[in-house]
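Structure record follows, encoded as structure tokens.
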Amino acid sequence: MRFTFRPLHPHFVAEVTGPRLQDVHDPADLARLRAAMDQYAVLVWHDQPFADDEQLDFAQRFDGVLHARTSLAVLGRNRFGNDALTDVSNVDEHGDIMAADDRRRVSSVSNRLWHTDASFVDPPGRYSMLSARVIPPVRADTEFADMRAAWDALDAETRAQIEHLHAHHSIAYSRQVLGFEFDAAERDKLAGVVQPLVRTLPRTGRRALYLASHASRIVEWPVPEGRLLLRDLIEHATRPEFVYAHEWHVGDFVIWDNRSTMHRARPFDDRAHRRELRRTTTLDID
Ligand SMILES: [Fe+2]
């Protein structure tokens with residue numbers, strides 16, 4: 001066995017040990033990791049350092065096409081020169097901690113709301129991968145919630161009520177909720193999309209709630225009832241029994257399946273400490 005998987009939660013998440021991912025090229029090894037993603041939805045590596053080009057190469061080898069139409073790509077220049085390598089940090093292009101009113105910082109504060117990556121584009125995000133480069137000396141966890149377990153725990157009446165509904169997802173909405181406004185030109189580049197509220201995962205047949213702070217309304221329902229349903233479902237799906245908190249260390253690498261999980265960043269004193277991670281997200285294309 002090239003890889004070993006140690007479960008970290010009753011429903012999902014496993015820690016992986018095995019060869020360095022830079023050295024994993026064998027299609028059978030990559031298929032084994034994808035099968036583990038189907039089972040665990042979140043995989044965690046420690047001591048898996050990546051250079052930027054190595055991370056980009058692995059992401060494409062693992063799952064194909066990368067998401068580059070990110071909100072950060074709309075807000076300004078990417079300091080790595082590649083919009084597919086998302087700068088998940090509080091550092092500006094000069095290497096300094098961002099000003100409190102930097103629009104990129106104010107926008108990224110919305111990552112503290114429960115969400116799934118790139119649900120606001122078509123095709124949406126499939127796998128996201130975070131590589132930890134600089135980690136503060138205080139906890140700044142990322143929390144994950146299992147949307148399959150959340151679906152499984154719903155009663156039959158609720159399932160029947162919601163399984164054919166659709167939600168409109170827009171990143172402009174999730175930012176607006178916390179008081180951030182894109183201008184008209186930015187909004188044009190970030191028009192939202194309609195997604196099913198419940199997804200069936202192709203290889204396992206498991207069903208999952210497809211929720212996010214980006215979900216602005218239920219298409220088939222009046223806006224207030226739809227927003228209340230979304231709030232109720234997110235409240236249900238993020239009960240402690242469905243949640244895993246990842247405490248970051250330098251060199252950690254985490255992959256999650258955006259079709260079957262939600263996640264959120266937890267707050268820390270980002271005016272005092274640097275925190276730098278790099279994200280690659282693939283698109284849900286068969
Ligand atoms: Fe995210």
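The values are calculated or read from the model by the stated rules, or taken from the named source; none is laboratory data. As the structure is a prediction and not an experimental result, all values here were calculated from the model. Don't worry about glycine lacking a Cβ; one is built from the backbone with ideal geometry, like all the others, and counts go over all protein chains shown.
Which of the numbered conditions does GLN176 fail, given that it passes all the others? Conditions: (1) surrounded by 22 or more Cβ atoms within 10 Å (Cβ to Cβ); (2) at pLDDT below 95.
If we test GLN176 against (1) surrounded by 22 or more Cβ atoms within 10 Å (Cβ to Cβ); (2) at pLDDT below 95, just (1) comes out false.
Would you be able to tell me the number of residues in the range 93-107 that are under 20 Å from the mean Cα position of the chain (by Cα) and in contact (Cβ under 8 Å) with a residue 40 or more places away in the chain?
So the answer is 3.
Just wondering, is there one or more residues in the range 159-169 that are within 16 Å of the ligand (Cβ to nearest atom) and surrounded by 13 or more Cβ atoms within 10 Å (Cβ to Cβ)?
Yes, the conditions are met somewhere in the range 159-169.
Which one is surrounded by the fewest Cβ atoms within 10 Å (Cβ to Cβ) among residues in the range 61-92 that are free of Cβ contacts under 8 Å to residues at least 24 places away in the same chain and more than 15 Å from the chain's Cα centre (by Cα)?
GLY81
For the range 263-277, which positions are closer than 27 Å to ALA237 by Cα and either within 14 Å of the ligand (Cβ to nearest atom) or not in a loop (DSSP other than H, G, I, E, B) (or both)?
Listed by number, the residues that qualify are HIS263, ARG264, ALA265, ARG266, LEU277.
Is one or more of the residues making up the range 58-75 more than 16 Å from the ligand (Cβ to nearest atom), touching a Leu at 6+ places or on another chain (Cβ under 8 Å), closer than 26 Å to PRO136 by Cβ and hydrophobic (A, V, I, L, M, F, W, C)? Spell out the reasoning first.
Step one: filter the range 58-75 for residues more than 16 Å from the ligand (Cβ to nearest atom), giving 58, 60-65.
Checking which are touching a Leu at 6+ places or on another chain (Cβ under 8 Å) leaves us with 58, 60-62, 64-65.
Narrowing the set further to residues that are closer than 26 Å to PRO136 by Cβ leaves 58.
Right, trim to hydrophobic (A, V, I, L, M, F, W, C) and you get 58.
Yes, that holds for at least one residue.
Results for (1) farther than 30 Å from LEU229 by Cα; (2) among the small types (Gly, Ala, Ser), shown as yes or no for each residue.
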{"site": "VAL91", "(1), (2)": "yes, no"}
{"site": "SER107", "(1), (2)": "no, yes"}
{"site": "ARG133", "(1), (2)": "yes, no"}
{"site": "ASP141", "(1), (2)": "no, no"}
